[in-house]
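First up is the structure itself, then whatever we jot down about it.
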Amino acid sequence: MEHEEYAQHDAVGLAELVRTGQTTPAELLRAARERMAEVNDRVNAIVVDVDPPDDTSTDGPFAGVPFLVKDLGQDVRHYPTSGGSRSLSTLPAAEHATVVQRWLDAGLVVFGKTNTPEFGAKGITEPELYGPARNPWNTDHTPGGSSGGSAAAVAAGIVPCAGASDGGGSIRIPASACGLFGLKATRGLVPAGPAQGEPLGGTATHGVISRSVRDSAAMLDVLAGAIPSSPYLPQVAEGSYADAALREPGRLRIAVCTASAINPDPDPEAIAATTAAAELLERLGHDVEVLDAQPFDDATLAKDFLTSWFVYCAFSVDEAKRLTGSGDGGFEADTLTMAALGRATSPVDFVRSIENRHTHVRRLAEFHETHDLLLTPTTATAPPRIGAFDAPLPVRLAQKALLTARSASILRLTPIVDQMISQNLGWVPYTQLANLTGRPAMTVPLHWTAAGLPIGVQLVGRLGADAQLLSLAGQLEDAQPWAHRRPAL
């Protein structure tokens, strides 16, 4: 199968070709690998080659479809899961992650692992271990993060759909940056396991980045549902998510807001994307209301997010050291800085950041009493250039000196903290809400900038509204299709 034919189909379509005998899994895998050989040196999306596991099903709903998993939390037995870190790059996984096993049971043919920043700790994908992933729409720009490699692989036409995860926007940010669709599911709907119970204290979840809504919906059917070691029993939608994507969503009450306390001056392209989406929603018959401010305290939410994020980073570094015996040389300076900030956080402040989540949940629940969805930009700017967030030399030298002196408490008094906040949240201030509150959220690719870079819009739903979001996404996809838009890579 030639690439032009291969690229015309989403994952559901490729599975149908296999099922009806119009192609074979071997032909599809060859097409995917040929495309990888053609473009991966330009986008650096795939960083580990994988021999498809022997326990891949031959009769699942996606039997024979080539697939990639993220090199973070998506363990493939016998292969290292580096998480973008030198410290873990040679430690093989003892077993498949639950989501990987479900993908294999569905018949997906896993042949590689995708690029991610160290421990998924940034909204860009520029790890020192593998080098930066690049955006197929313009390789001078980032594909976002932390699932940047997966998004770049899908946008570049290597696969129609790829494994991703989201702890602060890491599905939605790269999907937005690469002109793709991405859904972060309701907390607990998709299990972690077996090695982890609740990644990042329940704020992170696995999923996919895809070109089509029906792929993401059908993949959620594959992934949703608890396992015996799950901390909660999630409420799965009646019927299938694939069917939900085909249903009319009904008339929805949607509030739109572009304001951000973290970035008070969003790029005009982000505002234009959101305004155009609101107008499209009105034309489709929905009730749209413009808000002057977010219906929650986003400045406090950002502080709570970063407080817990830095503490979890410290845990990740310590756990990697315990497992591998690695010293500080196995980690990037930014990661060590975040970990130091985490260690300098008092237990009371950490618990307070966790307890504050309930306040954010209540604020959002009150909003959802009168509105079905919240519409925002997915990101505050178009995808930045590679290296845009590299620390200036004076900051790097100060960072090194303070880390060498183990002066973590002093770090909080330096410009390094402001640098980390800007680097982590400045261009992505809208996505952490859904993670801390556990609500489902999606990014929809409806806008490209004058320079030809994608920038998506985000919709956040009430708890368990995954099916509703997919129904609306299907309606938007029908009204303003995007799958035909492909980078000239």
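The values are calculated or read from the model by the stated rules, or taken from the named source; none is laboratory data. Since the model is a prediction, treat every value here as computed from it, not as a measurement. We place every Cβ from the backbone using ideal geometry, glycine too, and count neighbours over all the protein chains shown.
The residue that is surrounded by the most Cβ atoms within 10 Å (Cβ to Cβ), among those in the range 274-297 that are assigned to a helix (DSSP H, G or I) and not polar (S, T, N, Q), is A277.
Residues of the range 1-26 that are in a helix (DSSP H, G or I) and either under 19 Å from M219 (Cβ atoms) or touching a Leu at 6+ places or on another chain (Cβ under 9 Å) (or both): Y6, A11, V12, G13, L14, A15, E16, L17, V18, R19, P25.
Going through the range 28-44 one residue at a time, which ones are in contact with a Leu (Cβ under 8 Å, 6 or more places away or on another chain) and surrounded by 15 or more Cβ atoms within 10 Å (Cβ to Cβ)?
L28, V39, V43, listed by residue number.
Which count do you get for residues in the range 193-211 that are at pLDDT 95 or above and assigned to a loop (DSSP other than H, G, I, E, B)? Step through it out loud before you land on a result.
If we filter the range 193-211 for residues that are at pLDDT 95 or above, which is where we start, we get 203-211.
Still in the running and assigned to a loop (DSSP other than H, G, I, E, B): 203-204, 211.
Total satisfying the criteria: 3.
May I ask you to verify whether G456 is touching a strand residue (DSSP E or B) at 6+ places or on another chain (Cβ under 6 Å) and not aliphatic (A, V, I, L, M)? Answer is yes for this residue. Return yes or no: is P132 touching a residue at least 24 places away in the same chain (Cβ under 8 Å) and either farther than 27 Å from L463 by Cα or of a type in the set (D, E) (or both)? The answer is yes for P132. The condition of being assigned to a loop (DSSP other than H, G, I, E, B) and at negative phi holds for only one of R187, R214, that being R187. Of all residues in the range 164-186, one or more are in contact with a His (Cβ under 9 Å, 6 or more places away or on another chain), surrounded by 19 or more Cβ atoms within 10 Å (Cβ to Cβ) and either modelled with pLDDT under 95 or of a type in the set (D, E, K, R) (or both).
Hey, does the range 216-228 have a residue that's farther than 27 Å from A451 by Cβ, in contact with a Phe, Trp or Tyr (Cβ under 6 Å, 6 or more places away or on another chain) and acidic (D, E)? So far as the range 216-228 goes, yes, one or more of its residues are farther than 27 Å from A451 by Cβ, in contact with a Phe, Trp or Tyr (Cβ under 6 Å, 6 or more places away or on another chain) and acidic (D, E).
How do the pairs read when you match residues in the range 19-47 that are touching a residue at least 60 places away in the same chain (Cβ under 8 Å) with residues anywhere that are of a type in the set (S, T, N, Q) and in a helix (DSSP H, G or I), using Cβ under 8 Å and keeping only pairs 6 or more apart or on different chains? So the pair list comes out as A45/S150; I46/N40.
Every condition in (1) surrounded by 23 or more Cβ atoms within 10 Å (Cβ to Cβ); (2) farther than 27 Å from I158 by Cα; (3) modelled with pLDDT of 95 or more holds for M420 except the one numbered (3).
Looking at the range 89-111, is at least one residue among the hydroxyl-bearing types (S, T, Y) and part of a loop (DSSP other than H, G, I, E, B)?
Taking the range 89-111 and keeping what is among the hydroxyl-bearing types (S, T, Y), we get 89-90, 98.
Then keep just the ones that are part of a loop (DSSP other than H, G, I, E, B); that gives 89-90.
Yes: the range 89-111 contains one or more residues that are among the hydroxyl-bearing types (S, T, Y) and part of a loop (DSSP other than H, G, I, E, B).
Exactly one residue out of T300, T307, T324 is farther than 24 Å from G438 by Cβ and either within 25 Å of the chain's Cα centre (by Cα) or surrounded by fewer than 17 Cβ atoms within 10 Å (Cβ to Cβ) (or both): that is T324.
You will find that of T300, T345, T274, T307, the residue that is at pLDDT 95 or above and of a type outside the set (G, A, S) is T274 and no other. Scanning the range 450-479 for residues that are on the phi < 0 side of the Ramachandran plot, surrounded by fewer than 19 Cβ atoms within 10 Å (Cβ to Cβ) and in contact with a Pro (Cβ under 9 Å, 6 or more places away or on another chain) yields a single hit, L463.
Could you list, in sequence order, the residues of the range 133-143 that are in a loop (DSSP other than H, G, I, E, B) and crowded, with 24+ Cβ neighbours inside 10 Å?
Of the range 133-143, the ones in a loop (DSSP other than H, G, I, E, B) are 133-134, 136-137, 139-140, 142-143.
The answer is A133, R134, P136, W137, T142, P143.
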